[in-house]
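The values are calculated or read from the model by the stated rules, or taken from the named source; none is laboratory data. Computed from a predicted model, the values in this text were never measured in an experiment. Using ideal geometry, Cβ is built from the backbone for each residue, glycine included, and neighbour counts are taken over all protein chains shown.
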Amino acid sequence: MDSQDAVFKALADPTRREILDLLFSRDGRTVGEVCEEFADRMSRFGVMKHLTVLTEAELVVTAKEGRSKRLFLNPVPIEQVANRWISKYAARFTSALVGLKQHAENPPDTAEGPAS
């Protein structure tokens, strides 16, 4: 699977996006802490499956610390997707808005002079 396909697949699930939001709010959580956040909705096994997808997409990187594993958000793949897809399609729209702003702030002088 292409790396960007893996990112889109990972971001397609609301639970995985919620895990990324958790790591954004406090990076370096342990696997147990993340599982605890979802204890009322899913099993540890279910959370681990989501973490596997996020890790395969390189959106989450892990670091062993003693007997526990810490999870860290890696925003680079999301930025790469944004640069590849969003920026490309927004460029024309953005340049049109810039032109409109310049036109509104500096309208061309169409008056021939004071009316007699």
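Things worth noting here:
- Per-region count, segment 71-100, residues polar (S, T, N, Q) and either in contact with a Cys (Cβ under 9 Å, 6 or more places away or on another chain) or more than 27 Å from GLU18 (Cβ to Cβ) (or both): 2
- Checking the stated criteria, GLU58 turns out not to satisfy the condition of being of a type in the set (Asp, Glu) and part of a helix (DSSP H, G or I).
- Only listed residue being in contact with a strand residue (DSSP E or B) (Cβ under 7 Å, 6 or more places away or on another chain) and of a type in the set (A, V, I, L, M, F, W, C), chosen from VAL47, VAL61, VAL7, VAL53: VAL61
- Here VAL47 passes the criteria (1) loosely packed, with under 12 Cβ neighbours inside 10 Å; (2) more than 16 Å from the chain's Cα centre (by Cα) except the one numbered (1).
- Among residues that are farther than 17 Å from GLU58 by Cβ, small (Gly, Ala, Ser) and at pLDDT 75 or above, ALA104 is included.
- Filter result for LYS64 (among the charged types (D, E, K, R), over 24 Å from MET1 (Cα atoms) and modelled with pLDDT under 95): yes
- If only residues of segment 67-82 that are among the aliphatic types (A, V, I, L, M) and more than 10 Å from THR30 (Cβ to Cβ) are counted, the one that is modelled with the highest pLDDT is LEU73.
Conditions tested, residue by residue: (1) among the basic types (Lys, Arg); (2) in a helix (DSSP H, G or I); (3) out of contact with any Phe, Trp or Tyr (no Cβ under 9 Å at 6 or more places or on another chain).
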residue	(1), (2), (3)
MET1	no, no, yes
ASP5	no, yes, yes
ARG17	yes, yes, yes
LEU23	no, yes, no
ASP27	no, no, no
GLU33	no, yes, yes
GLU36	no, yes, yes
MET42	no, no, yes
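- Reported count of residues in segment 19-44, each being buried (at least 18 other Cβ atoms within 10 Å of the Cβ) and charged (D, E, K, R), is 1.
- For the residues ARG16, ARG70, the requirement of being under 17 Å from the mean Cα position of the chain (by Cα), of a type in the set (D, E, K, R) and surrounded by 14 or more Cβ atoms within 10 Å (Cβ to Cβ) singles out ARG16.
- So VAL98, is it surrounded by fewer than 15 Cβ atoms within 10 Å (Cβ to Cβ), among the hydrophobic types (A, V, I, L, M, F, W, C), without any contact (Cβ under 8 Å) to a residue 24 or more places away in the chain and assigned to a helix (DSSP H, G or I): yes
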